[in-house]
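Visitor: Quick one: this structure, given as structure tokens, is what I'll be asking you about.
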Amino acid sequence: MSASMISPRSAPTTSANPGKTAPRTRSTRRRGKGDPRVNIQRGKDGNAKAYQVRQVLDAIARLEAEKNEKDEKDEKSDDHA
């Protein structure tokens with residue numbers, strides 16, 4: 001194949017405007033259930049919303065539990081060594 005036959009990959013065109021390219025969408029990866037990130041927004045009173053505070057507290061508790069499990073697992077592996 002000659003270089004003139006190979007074309008660079010182009011953006012898709014829209015059917016309504018064939019001369020214009022469609023915007024490229026970025027696929028986002030969904031976070032897992034154990035992901036501790038929480039979106040915090042100010043309520044009307046300037047504080048975080050109540051359900052968001054619960055989410056943060058749940059995330060902290062989940063991270064602490066995971067850390068404790070890991071520490072216990074590490075201690076058991078050290079005992080067998």
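The values are calculated or read from the model by the stated rules, or taken from the named source; none is laboratory data. Just so you know, these numbers come straight off a predicted model, no measurement behind them.
Visitor: Looking only at residues in segment 44-81 that are of a type in the set (Lys, Arg) and assigned to a helix (DSSP H, G or I), which one is farthest from the chain's Cα centre (by Cα)?
Guide: Restricting attention to segment 44-81, the residues satisfying the condition of being of a type in the set (Lys, Arg) are 44, 49, 54, 62, 67, 70, 73, 76.
Narrowing the set further to residues that are assigned to a helix (DSSP H, G or I) leaves 54, 62, 67, 70, 73, 76.
Values: 54: 20, 62: 17, 67: 21, 70: 23, 73: 27, 76: 33 Å.
In this case the residue turns out to be 76.
Visitor: I'd like to know if segment 13-22 contains one or more residues that are within 16 Å of the chain's Cα centre (by Cα), modelled with pLDDT under 65 and of a type in the set (Ser, Thr, Tyr).
Guide: no
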